[in-house]
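J.: Just passing along the structure, written as structure tokens.
The values are calculated or read from the model by the stated rules, or taken from the named source; none is laboratory data. In this text, all values refer to a predicted model and were calculated from it rather than measured experimentally. Cβ: placed from backbone, ideal geometry, glycine included. Neighbour counts: every protein chain shown.
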Amino acid sequence: MRRMYRISVALALLAGLGACATLGTAPVVPGQSEAEVIARLGQPTHIYADGASRLLEYMHGPMGQATEMARIGPDGKLVTYEQVLTMRSFAKITVGAADKNTVLRTIGAPSETRYYAASRLEEWSYPFKDNGVWDSLMAVYFDQTGIVRKLQNGPDPRYQLGAFD
């Protein structure tokens, strides 16, 4: 019985070490073909043209708080793979100049959309982890021509005390 316990503990430790070895490693690396990226990550949630490049979106929402973009260059090889729901990415969206296509190529598809008739603005919502810690929600507002008129960041109301009661 004691021998069986030792074997079980040893197997559990080995399994744990194997899991640790994969933590922090990139699921894909620059230079891989688009087919290799899709084989590794699965079918993208959306695909966007971006000049001569293609963006493969991997959205993990609506509660996932992450969207990764794989940029495939004109040669069909992975150029970059990054999480785009970050303050750095949101800062790339220029109020008064960016349109819906720019937003899609910058931060991907929204988790939710709403239309506010009184202000005639359409809201796209993006839950994310601000600084990797805070459950936040970025809202991007478009006018009727599809131009960004406002960005608004705040706590994600779904995580407020009692929101899931």
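J.: Restricting attention to segment 23-39, report how many residues are at pLDDT 95 or above and surrounded by 12 or more Cβ atoms within 10 Å (Cβ to Cβ).
T.: 9
J.: All but one of (1) part of a strand (DSSP E or B); (2) out of contact with any Leu (no Cβ under 9 Å at 6 or more places or on another chain); (3) touching a residue at least 40 places away in the same chain (Cβ under 8 Å); (4) under 23 Å from Met138 (Cα atoms) hold for Thr80; state the number of the condition that does not hold.
T.: Result: Thr80 fails condition (4) only.
J.: Sticking with this structure for a sec: Would you point out the residue of segment 103-140, among those that are hydroxyl-bearing (Ser, Thr, Tyr) and in contact with a Ser or Thr (Cβ under 8 Å, 6 or more places away or on another chain), that is nearest to Leu55 (Cα to Cα)? I'd like the intermediate steps shown before the answer.
T.: Narrowing segment 103-140 to residues hydroxyl-bearing (Ser, Thr, Tyr): 106, 111, 113, 115-116, 119, 125-126, 136.
The next check asks that each one be in contact with a Ser or Thr (Cβ under 8 Å, 6 or more places away or on another chain); those that pass are 106, 111, 113, 125-126.
On the way: Thr106: 10, Ser111: 18, Thr113: 22, Ser125: 20, Tyr126: 18 Å.
The selected residue is Thr106.
J.: Can you name the residue in segment 149-165 that is modelled with pLDDT of 90 or more and in contact with an Asp or Glu (Cβ under 7 Å, 6 or more places away or on another chain) and is also farthest from Ala66 (Cα to Cα) among such residues?
T.: Ranking the qualifying residues of segment 149-165, first place goes to Arg149.
J.: Something else: Please work out which residue is farthest from the chain's Cα centre (by Cα), limiting yourself to segment 111-155 and to residues that are aliphatic (A, V, I, L, M) and over 17 Å from Phe90 (Cα atoms). Break it down into steps so the answer makes sense when it comes.
T.: We begin by selecting, within segment 111-155, every residue aliphatic (A, V, I, L, M); these are 117-118, 121, 133, 137-140, 147-148, 151.
Those still in the list that are over 17 Å from Phe90 (Cα atoms) too: 117-118, 121.
Working: Ala117: 29, Ala118: 31, Leu121: 24 Å.
By that ranking, first place goes to Ala118.
J.: Kindly check whether there is at least one residue in segment 141-150 that is of a type in the set (A, V, I, L, M) and surrounded by 10 or more Cβ atoms within 10 Å (Cβ to Cβ). Steps first, please.
T.: First pass over segment 141-150, keeping only residues of a type in the set (A, V, I, L, M): 147-148.
Within this subset, residues satisfying the condition of being surrounded by 10 or more Cβ atoms within 10 Å (Cβ to Cβ) are 147-148.
Checking segment 141-150: at least one residue is of a type in the set (A, V, I, L, M) and surrounded by 10 or more Cβ atoms within 10 Å (Cβ to Cβ).
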